[in-house]
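The values are calculated or read from the model by the stated rules, or taken from the named source; none is laboratory data. Since the model is a prediction, treat every value here as computed from it, not as a measurement. When we count neighbours, we look across all protein chains shown, and the Cβ atoms used for this are built from the backbone with ideal geometry, even at glycine. Accessible surface is based on the protein model in full, side chains and every heavy atom, while ligands, DNA and RNA are left aside. Shrake-Rupley method; radii C 1.70, N 1.55, O 1.52, S 1.80 Å.
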Amino acid sequence: YTTLMNKVYTIWEAAVSVNEMTKGKKILTEKYRDFKTRAALEIAFQKPVKRKGKNISVKVTFFMKELYRKDVDGGIKAVLDACTEAGCWEDDRYIETLILKKVKSDVDKVEIEILN
């Protein structure tokens, strides 16, 4: 859906946490790689408009069946990486404002709203 010209993209699963991303110091886990691929495809099917520029603002809402099992920032890296791969922006280093929220829900999912 769209909110005041902002497109909201949905990933229909829980995000992989930063603790599940790597083995050792630099080896990305299969769980992370699989999540990023699936999430990027889901976002790409929602036809993202690539944001140009360096002052991107993003709101990410994590909908969780169990609200207090994960930190609010635990899955953000995987989500932003998937958005980059899907073409939402050139690189997530251009995000200057990031709003994170978690919400109790019957289903695990992530909504990403690009605010500008």
Compute, for V60, the solvent-accessible surface of its heavy atoms (probe 1.4 Å) with the complete set of protein chains present, and express it in square angstrom to the nearest 10. 0
The stretch 40-103: proportion of alpha-carbon pairs further apart than 14 angstrom, %: 59
Can you work out the Karplus-derived ³J(HN,Hα) for every residue in the stretch 48-53? Use 6.51 cos²θ - 1.76 cosθ + 1.60 with θ = phi - 60°, whole Hz, and x for glycine or proline. x, 9, 5, 7, 9, x
With each label point set 7 Å from Cα along the Cα-Cβ vector, what nm distance links K31 and L67? 2.5
Table column - 3J(HN,Hα) (Hz), the stretch 17-22, Karplus curve with 6.51, -1.76, 1.60, x for Gly and Pro: 6, 4, 5, 9, 7, 10
Any idea what log10 I(q)/I(0) is at q = 0.18, 0.27, 0.34 Å⁻¹ for the stretch 7-48, Debye with uniform C-alpha scatterers and no solvent? -0.55, -0.89, -1.15
Limiting things to C-alpha atoms, what are the Rg and the maximum Cα-Cα separation (Dmax) for the chain, in angstroms? 13.6, 43
Choose one answer from K59, K104, K26: the residue with the largest mean-square fluctuation in a GNM of the chain with alpha-carbon springs under 10 Å. K26
Using Cα centres only, tell me the gap between the stretch 73-116 and the stretch 10-65 in whole Å. 7
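In deg cm²/dmol, rounded to 500, what helix-only [θ] at 222 nm does the chain give when every DSSP H run of at least 4 residues adds -39500 (n - 2.57) and the total is split over its residues?
Details: 2 runs with 27 residues, N = 116.
Value at 222 nm, helices only: -7500 deg cm²/dmol.
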Distant-in-sequence amide H partners of K102 (H built 1.01 Å from N, under 5 Å): F62
